[in-house]
1. I want to confirm something. Restricting to the range 117-139 and keeping residues that are outside any strand (DSSP E or B) and more than 15 Å from the chain's Cα centre (by Cα), which single residue is surrounded by the fewest Cβ atoms within 10 Å (Cβ to Cβ)?
2. Quick check on the range 191-211. Is at least one of its residues surrounded by 16 or more Cβ atoms within 10 Å (Cβ to Cβ), in contact (Cβ under 8 Å) with a residue 60 or more places away in the chain, part of a strand (DSSP E or B) and not small (Gly, Ala, Ser)?
3. Within the group 162, 222, 173, which residue is open to solvent by 80 Å² or more (accessible area, probe 1.4 Å), part of a loop (DSSP other than H, G, I, E, B) and charged (D, E, K, R)?
4. I want to confirm something. Restricting to the range 85-106 and keeping residues that are open to solvent by 50 Å² or more (accessible area, probe 1.4 Å) and either among the hydrophobic types (A, V, I, L, M, F, W, C) or within 16 Å of residue 61 (Cβ to Cβ) (or both), which single residue is modelled with the lowest pLDDT?
5. What is the number of the single condition among (1) open to solvent by 40 Å² or more (accessible area, probe 1.4 Å); (2) over 15 Å from residue 33 (Cα atoms); (3) touching a residue at least 60 places away in the same chain (Cβ under 8 Å) that residue 113 does not meet?
6. Can you work out which of the residues in the range 225-257 that are in a loop (DSSP other than H, G, I, E, B) and of a type in the set (Val, Ile, Thr) is most open to solvent (accessible area, probe 1.4 Å)?
Amino acid sequence: MSVFDHFRKEERPFAERALEMLTLTERKQAMRLTDFLDPRQLAIMQSLTSQVRDVSVSASGGYDGAERVRVLLHPDYLVPEPEDYRLALLRIAADQRFRTLEHRDVMGALLNVGLKREKFGDMIVAEEAIHVVIAEEVADFVCSQVTHIHRTPVQFERIDWESFQPPAPRFAEKTVTVPSPRVDAVVGEVYNLSRAKALVPIRAGKLKVNWKVVDDPSHLLEPGDMVSLAGFGRFKLLDVTGPTRSGRLRMIVGLVT
């Protein structure tokens, strides 16, 4: 049985690259820095350390709680410094009186100048400011090339990490009742979809639970699970109570805003 049999088909190319990087780190006894990884890719990388000896995986997205991170692969005896992750923090200055910029607007602007998604991390969009964590090697390019988002003039400027206070995660709570914690039942209630309509994107591989594709409608959700459905958004299962008098489960979910 191959080590790659533990991963879904679409995850195997990344797992193969990850194992190659880990093996090179073991052989050359030197640090290797990745682009930004999502939480599922980080979990794959960490799981593959069992295939090598004396290699550690350290990660940073610039601040505590960052979702997307750059990873340093290094011998156990080396201790990474913050600057080793080569992270830059950019703040977007923009006049938003006529249009409020959203997460997807910022992402679209970065992709439109030819940047790969792997070159930038979290985008923190708040009322008072918009911040982007980005790879140091492309920070100057972004500052010079991205001058408009839609028709709104913008200016990207570097700021020190010491001046950054990341906002707490924002959730819009919603209470639903479901017959069971099956993911198709929960997704249907959260997004007001019939069971038949919920099954279509799930079976098409457009549902992720904790950043892993789940195409089994009978998958059971647990408190703390982060669920995303392409085209609908994300929610976190915060709590499960019940059963109600009718025997259904009461769930509190947090819609990511």
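1. 128
2. Yes; the residues of the range 191-211 include at least one that is surrounded by 16 or more Cβ atoms within 10 Å (Cβ to Cβ), in contact (Cβ under 8 Å) with a residue 60 or more places away in the chain, part of a strand (DSSP E or B) and not small (Gly, Ala, Ser).
3. Selected residue: 222, the only one of 162, 222, 173 that is open to solvent by 80 Å² or more (accessible area, probe 1.4 Å), part of a loop (DSSP other than H, G, I, E, B) and charged (D, E, K, R).
4. Keep residues of the range 85-106 that are open to solvent by 50 Å² or more (accessible area, probe 1.4 Å), which gives 86, 91, 95-100, 102-104.
Still in the list and also either among the hydrophobic types (A, V, I, L, M, F, W, C) or within 16 Å of residue 61 (Cβ to Cβ) (or both): 86, 98, 103.
Numbers: 86: 97, 98: 73, 103: 84.
The qualifying residue modelled with the lowest pLDDT is 98.
5. Unmet for residue 113, out of (1) open to solvent by 40 Å² or more (accessible area, probe 1.4 Å); (2) over 15 Å from residue 33 (Cα atoms); (3) touching a residue at least 60 places away in the same chain (Cβ under 8 Å): (3).
6. My answer is 257.
The values are calculated or read from the model by the stated rules, or taken from the named source; none is laboratory data. From a predicted model like this one, the values you see are computed outputs, not experimental measurements. When we count neighbours, we look across all protein chains shown, and the Cβ atoms used for this are built from the backbone with ideal geometry, even at glycine. For accessibility, only protein heavy atoms count, side chains too; no ligands or nucleic acids. Shrake-Rupley method; radii C 1.70, N 1.55, O 1.52, S 1.80 Å.
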